[in-house]
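For reference, the structure discussed in these notes is given below.
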Amino acid sequence: MSSHEQTLRQELVDWAKSMFNRGYSSGGAGNISARLPDGCIIVTPTNSSFGDLVPERLSKLDAQGNWIDGDKPTKEVSMHMAMYLQRPDCQAVVHLHSPWLTALSCLPNLDATNCLPPITPYYVMRVGKLPLIEYLPPGDDRIGEEIAKLAPNHNAVLLSNHGPVVGGKTLRQAFFNAEELEDTARLYITLRPHGFTTLTPEQVQELESRYPQK
């Protein structure tokens, strides 16, 4: 195992534990992956917890998503591979059952093209838009198929009654994007009873021009 792979494995474990400790994913919920320079993928094993991952036991997949080493991978590999195959710049994918985004995913009458309004510039800068995928059972390969349709133009999607799938150009960026998204969902749900202002279309366009997602 290369030193780069060892470092990436440890980084994934450290970030996962941080997320677990802060309540972003409880029990055995959620999964994380990162891409190595040779195209292989390391991913959290099935039924594992973000709180006690072991670097050496992370699952390893080839560039096509086939299991080649480590513990048995999460059943939701297809959603990770959809992001990697559709976004060559994507080097890490985080799937959480974080409480505010999961709550958002259960609300009725969401705008399927963008579940969150542009209430902060950092949501626009880090995520852009958050499309919604209709409910499918966890582990269903159709989730990957639906993500593949959206991934070329989005680095995050929300699964109905389930949670977010978020990509990034580095593992650190993927987690930052996921954290920004969770904070935005928290702000949105908190503000809904009181009303709120959003950025104007012109302000959003300026941010999109300065900080393009692709």
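The values are calculated or read from the model by the stated rules, or taken from the named source; none is laboratory data. Remember, predicted model here, so these are calculated numbers, not experimental data. As a convention, Cβ positions derive from the backbone with ideal geometry for all residues, glycine included, and neighbour counts pool all protein chains shown. Accessible surface is based on the protein model in full, side chains and every heavy atom, while ligands, DNA and RNA are left aside. Shrake-Rupley method; radii C 1.70, N 1.55, O 1.52, S 1.80 Å.
Hey, can you tell me all the residues within the range 99-131 that are under 26 Å from residue 88 (Cα atoms), of a type in the set (Gly, Ala, Ser) and out of contact with any Leu (no Cβ under 7 Å at 6 or more places or on another chain)? 128 - this is the single residue of the range 99-131 that is under 26 Å from residue 88 (Cα atoms), of a type in the set (Gly, Ala, Ser) and out of contact with any Leu (no Cβ under 7 Å at 6 or more places or on another chain). Listed by first and then second residue, the pairs with beta-carbon distance under 8 Å, at least 6 apart or on different chains, first residue in the range 4-15 and on the phi < 0 side of the Ramachandran plot, second surrounded by fewer than 13 Cβ atoms within 10 Å (Cβ to Cβ) and aliphatic (A, V, I, L, M), are 13/54. On the stretch given as the range 112-127, residues that are modelled with pLDDT under 95 and closer than 23 Å to residue 31 by Cβ total 2.
Scanning for something closer than 24 Å to residue 13 by Cα and of a type in the set (Ser, Thr, Tyr), does the range 75-84 turn up at least one residue? Scanning the range 75-84, I find at least one residue that is closer than 24 Å to residue 13 by Cα and of a type in the set (Ser, Thr, Tyr), so the answer is yes.
Residue check: is residue 134 acidic (Asp, Glu), at pLDDT 95 or above, more than 15 Å from residue 90 (Cα to Cα) and buried (at least 21 other Cβ atoms within 10 Å of the Cβ)?
Numbers: acidic (Asp, Glu): yes; at pLDDT 95 or above: yes; more than 15 Å from residue 90 (Cα to Cα): yes; buried (at least 21 other Cβ atoms within 10 Å of the Cβ): no.
Answer is no for this residue.
Would you check if residue 187 is surrounded by 24 or more Cβ atoms within 10 Å (Cβ to Cβ) and among the hydrophobic types (A, V, I, L, M, F, W, C)? It is false that residue 187 is surrounded by 24 or more Cβ atoms within 10 Å (Cβ to Cβ) and among the hydrophobic types (A, V, I, L, M, F, W, C). Of all residues in the range 178-196, those being more than 17 Å from residue 124 (Cβ to Cβ) and part of a helix (DSSP H, G or I) number 2.
In the condition set (1) in contact (Cβ under 8 Å) with a residue 60 or more places away in the chain; (2) of a type in the set (S, T, N, Q); (3) closer than 22 Å to residue 82 by Cα; (4) open to solvent by 80 Å² or more (accessible area, probe 1.4 Å), residue 170 is compliant with all but (4).
Only residues that are of a type outside the set (Lys, Arg) and more than 16 Å from residue 122 (Cβ to Cβ) were counted in the range 150-177, giving 16. Taken residue by residue, the range 117-130 has at least one member that is open to solvent by 30 Å² or more (accessible area, probe 1.4 Å) and under 15 Å from the mean Cα position of the chain (by Cα).
For the range 1-44, the set of residues classified as of a type in the set (D, E, K, R) and either within 18 Å of the chain's Cα centre (by Cα) or open to solvent by 20 Å² or more (accessible area, probe 1.4 Å) (or both) consists of 9, 11, 14, 17, 22, 35, 38, listed by residue number.
Residues in the range 159-181 that are touching a His at 6+ places or on another chain (Cβ under 9 Å) and farther than 25 Å from residue 36 by Cβ: 159, 162, 163.
The criterion of at least 2 residues that are on the phi < 0 side of the Ramachandran plot and touching a Phe, Trp or Tyr at 6+ places or on another chain (Cβ under 9 Å) is met by the following helices (runs of 4 or more DSSP H) wholly inside the range 98-170: 99-105, 121-126.
For residue 4, the conditions (1) modelled with pLDDT of 95 or more; (2) over 22 Å from residue 101 (Cβ atoms); (3) not in a loop (DSSP other than H, G, I, E, B) all hold with the exception of (1). I need a count of the residues in the range 171-191 that are farther than 14 Å from residue 118 by Cβ and either of a type in the set (Phe, Trp, Tyr) or at pLDDT below 95 (or both). Residues meeting the conditions: 2.
Within the range 45-80, the set of residues being of a type in the set (Val, Ile, Thr) and open to solvent by less than 40 Å² (accessible area, probe 1.4 Å) comprises 74, 77.
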